[in-house]
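*Asks:* For reference, the structure I am asking about is given below.
What follows draws every value from the coordinates through simple rules; no lab data is involved. Just so you know, these numbers come straight off a predicted model, no measurement behind them. Every residue, glycine among them, receives a Cβ derived from its backbone with ideal geometry; neighbour counts consider all protein chains shown.
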Amino acid sequence: MSPWAYAAAILGCGVGACLRYSLGWLDARKVFPWPTIVANVLGSALLGAVLAGGADALLSPGWMFALGTGVAGGLSTFSSLALDVVVLWKDGRRSAATTYVAATLVLGLGAAWIGYALAHGMG
């Protein structure tokens, strides 16, 4: 992998992380961690599309690395998911914690599949 691919992945990670942080502004009340769900769903869709793009030779390995590991990796966040679940559970909001995990799993898997299908259809 070229040094440019690593530089692009680093920049992509910064873009993804800034986008994830910006999504937090959508929920000023902070009642439920919707911004984290949105970030993880968008990251899953992008990663599904990147996988399809690589499989169909639409993307080079360098672009797959930059977009998948960089942008999607910076955008999606397992650590925030884990922390949100711990806080919801600790606050006695066990139903909200369970709903959060289930919604993230179902929506994330669905988004990855849709991203893959859409990108595969382009190839």
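*Asks:* Go through LEU47, ALA119, LEU83 and say which Cα lies farthest out towards the positive end of the charge dipole of the chain; charges sit on Cβ, +1 for Lys and Arg, -1 for Asp and Glu.
*Replies:* LEU83
*Asks:* Let me ask something else. To the nearest 0.05, what FRET efficiency results for TRP113 and CYS18 with a Förster distance of 25 Å applied to their C-beta separation?
*Replies:* The pair TRP113/CYS18 has a calculated efficiency of 0.40.
*Asks:* Quickly work out the SER2-to-ALA102 label distance, labels modelled 7 Å from Cα along the C-beta direction, and quote it in nm with one decimal.
*Replies:* 4.8 nm
*Asks:* Additional query: Can you give me the long-range amide H partners of PHE32? Hydrogens built in the peptide plane at 1.01 Å from N, cutoff under 5 Å, separation of 5 or more residues or another chain.
*Replies:* Placed amide hydrogens put nothing under 5 Å from PHE32.
*Asks:* Just how large is the dipole of the range 3-122 about the Cα centre, in debye to the nearest 20, putting +1 at every Lys and Arg Cβ and -1 at every Asp and Glu Cβ?
*Replies:* Taking the Cα centre of the range 3-122 as origin, the dipole is about 380 debye.
*Asks:* If you don't mind, there's one more thing I want to ask. Count the net charge of all other residues whose Cβ sits under 15 Å from the Cβ of ALA102, scoring Lys and Arg as +1 and Asp and Glu as -1.
*Replies:* +1
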